[in-house]
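Q: Please see the structure below; I have some questions.
Read the figures in this text as sums done on the coordinates, not as results from a lab. These numbers come from a predicted model, not from an experiment.
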Amino acid sequence: MKKLSICIFCALLVTSIMAQEKTTQTMPRLRLGVEVGANYLSGQINKLEMIRESSSYYFAQNYDFHCGFNKYPEFFSYAFGLKLEYVLHKRIAISSGLRFSFYKAALNAERDFFLWKVSETETSANYIKISSISQRNYYLGIPLEARFFITEKDFFARVYFIVGNTFNFLVASSNNVIFHNPEMEKYNNNVLKHIGDPNLFYGSFYGGIGLKLGKANHPFGNIELFFPAINYTKNNIHTFVNLDTWPSFGVRTTLNIPVFRKHLLNYTITEKKK
């Protein structure tokens with residue numbers, strides 16, 4: 001009987017030890033992110049000095065948006081970039097990298113053309129007919145961002161808040177003029193020298209909310225909505241538009257890939273098998 005009791009005790013002890021299994025959830029500290037996004041911007045038309053306002057008709061547009069002198073043009077900027085994200089804590093991550101953004105706006109004739117003054121004397125002025133003037137601006141930005149997850153556990157879907165700031169530097173700008181009559185193209189340089197240049201730098205501060213989809217130890221995606229997003233600059237990021245001081249908003253999607261898997265955050269969970 002004593003031997004039987006000892007055997008039963010040993011069996012129960014072994015069973016209890018085997019019933020407890022330590023499993024480790026691993027979360028890579030460093031992630032490489034590939035992102036694409038768009039920002040919505042609005043403002044007022046910046047009337048160019050050489051346009052004859054009294055008898056001309058034009059509007060600023062982006063994706064066929066119509067706008068007159070006293071209206072508010074709206075347009076989108078597009079961006080893509082690469083960044084590295086470092087996990088500080090179960091709920092906190094910081095990231096930085098490079099972000100390339102693109103802006104385009106145009107002054108298009110509401111009718112067939114608008115008038116552009118090319119020369120003026122005391123008694124007369126000479127005008128040419130223009131159908132459209134467009135400008136493309138390209139900025140290279142350095143984003144600094146922090147994400148704060150609501151939950152500590154790495155669920156498949158996790159909600160988080162984000163705050164960030166991006167420092168953007170102009171790397172290229174181009175203007176294009178479409179004349180109503182091809183013979184007027186000889187005045188192209190005359191028009192271009194009066195268009196003006198965009199700002200060489202602008203900063204953007206933003207906050208928002210995001211959703212992580214996927215497990216952190218595998219490639220996963222982020223969907224983010226930014227509001228408010230506030231651009232701060234002395235001048236304009238586009239010659240044709242004076243941006244509003246009101247906050248804008250934007251969206252972004254990111255594909256995150258864990259790197260340097262030997263650097264891991266280890267969380268040990270004890271579970272009982274049934």
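Q: Could you give me the ³J(HN,Hα) list for the range 75-92, computed from phi with Karplus coefficients 6.51, -1.76, 1.60 and θ = phi - 60°, whole Hz, x at Gly and Pro?
A: 7, 10, 10, 10, 8, 9, x, 10, 8, 10, 10, 10, 8, 7, 7, 3, 10, 10
Q: Expressed as a rounded percentage, what relative contact order does the range 106-153 have, with Cα pairs under 8 Å and six or more residues apart?
A: About 34 percent, as a whole number.
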